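Only one structure is covered here, and it is reproduced in the block below.
A short reminder: the numbers here are calculations on the coordinates, not readings from a lab. These numbers were taken from a predicted model, which means no experiment stands behind them. In this analysis, Cβ positions are derived from the backbone assuming ideal geometry, glycine residues included, and neighbour counts consider all displayed protein chains.
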Amino acid sequence: MTSSNTRTNSAESIASVQIGPVKVGAFLHQQQLLQTIIDPDGKVFAGAAIAINPEKIMAARQNPQVAAMLSQAELRYADGIGVVMLMRRRLKQPVQRIPGCELWQSLMLRCADYQVPVYLVGGRAEVLVKTKALLLQQGVPVVGATDGYFDDETRLLADIRRSGAKVIPVAMGSPKQEQLIERLRQQLPDSFFMGVGGSFDVFTGQVKRAPALWCRLHLEWLYRLLSQPSRIGRQGRLLHYMWLAIRGKL
C-alpha cells in the first residue's frame with residue numbers, strides 16, 4: 001500500500017525493538033505518537049496503529065499469520081509493561097507505556113481540535129450510540145457509526161467512503177478488529193485505522209478500568225485477573241512471556 005504520507009519523517013525516526021517476531025516502536029511519550037497520527041498541520045497519517053502487549057507477542061510467536069497481521073500496521077506501540085521493560089533494557093533509553101484506551105480518547109480530542117472526521121466501528125449498538133453522543137459533546141466530528149454486529153462489509157465500506165472519514169477506530173477485539181482493518185484499508189488507503197478493543201465500553205462507563213494507583217504500579221493485569229478470574233489462561237501466557245524475556249529468548 002502506498003500513500004504520500006504513509007511513512008512520515010516522524011514515524012521513520014522512531015527507534016524500534018524486535019521482540020520475538022514483532023517490531024515495536026519506542027515512543028517516548030503519548031504526545032509523540034499523537035503528533036505522528038495527526039501532525040501539527042492537521043495532516044492525518046495514512047495507515048494503521050496497533051497496541052502491542054505480551055499476549056500479542058506470544059500469539060505472534062505461535063502463529064505466523066498473527067505475526068504477519070501485526071506487521072501490517074505501520075505504528076506498533078507498547079501497551080504492556082512487560083513489553084516496555086524489555087524495550088527500555090535493550091535501548092537503554094526511556095520508553096513510555098501507552099494504554100490503547102487512553103491513546104484513543106486523546107486522539108479523539110485531537111480530532112476535535114483539528115476537525116478531523118471520525119467514523120466509529122464496533123461495540124454493541126447501545127454502547128455505540130452513547131459513545132457517539134459523548135464524542136459529539138466533546139466537539140469530535142463523528143460522521144458515521146456502525147456497531148460490531150453488521151452483516152454486510154461492502155455496505156460498511158461504502159458508508160465509510162461516503163462519510164469522508166479520515167480516522168476510523170475499530171472496537172471489535174483482537175484479532176477480529178485487526179483482520180477487518182486489514183481488509184478495509186486496502187480500499188481506503190488514505191485513512192488512519194486503530195484497533196481499540198473495549199475502549200467504547202470503558203469510555204461510556206460500561207466497564208470499569210483499574211483504579212489509578214493500580215495503573216501507576218503497572219498492575220492493571222492483576223486487577224483485571226481479580227475482577228475476571230476467567231482470564232487466568234491469558235495470564236499464563238504472560239508468565240511464559242516473562243520467563244522467555246528473563247532467559248533472553250525474545
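Arrange the following residues from fewest to most other Cβ atoms within 10 Å of their Cβ: TRP104, TRP243. Taking fewest neighbouring Cβ atoms as first place, the list is TRP243, TRP104.
Local charge for GLY139 was computed over the other residues whose Cβ lies under 15 Å away, with Lys and Arg +1 and Asp and Glu -1, and equals +1. Look at the alpha carbon pairs under 8 Å that are at least 6 residues apart: their mean separation over the length of segment 169-212 gives a relative contact order of 45 percent. Measuring between their Cα centroids, segment 128-142 and segment 79-120 lie 21 Å from each other. Near ALA26, the amide H atoms lying under 5 Å from its own belong to ALA15, SER16, VAL17; only residues 5 or more places off or on other chains count, and H is placed 1.01 Å from N.
Arranged by the count of other C-beta atoms within 10 angstrom, fewest first, what order do PHE203, PHE192 take?
In increasing order of surrounding Cβ atoms, one gets PHE203, PHE192.
Among the listed pairs LYS23/LYS130; LYS43/LYS132; LYS130/LYS166; LYS130/LYS176; LYS130/LYS208; LYS166/LYS208, which have their C-alpha atoms separated by more than 27 angstrom in this model?
LYS23/LYS130; LYS166/LYS208
For a straight C-alpha distance cut-off of 13 angstrom, the aspartates and glutamates reachable from LYS56 (same-chain residues fewer than eight places away being disregarded) are ASP79, GLU178.
By the count of neighbouring beta-carbon atoms within 10 Å, fewest first, VAL207, VAL95 end up ordered VAL207, VAL95.
Secondary structure note: in segment 100-209, about 0% of the DSSP beta bridges are antiparallel. Within the same chain, aspartates and glutamates fewer than 8 places from LYS249 are excluded, and of the rest, those with a Cα less than 18 Å from its Cα are GLU55. Taking all Cα pairs closer than 8 Å and separated by 6 or more residues, the relative contact order of segment 100-209 comes to 31 percent.
Phi angles of segment 97-106 translate, via the Karplus equation with coefficients 6.51, -1.76, 1.60 and θ = phi - 60°, into HN-Hα couplings of 6, 10, x, x, 5, 5, 4, 4, 5, 5 Hz per residue; Gly and Pro are given as x.
Of all DSSP bridge pairs formed entirely within segment 1-129, close to 50 percent run antiparallel. For ARG161, neighbours were defined as the other residues whose beta-carbon sits under 15 Å from its Cβ, and their charges (Lys and Arg +1, Asp and Glu -1) total +1.
Local charge for MET108 was computed over the other residues whose Cβ lies under 12 Å away, with Lys and Arg +1 and Asp and Glu -1, and equals 0. Amide H contacts of PHE192: GLY47, VAL167, ILE168, each under 5 Å away and 5 or more positions distant or on a separate chain (H built 1.01 Å from N in the peptide plane; Pro and chain starts excluded).
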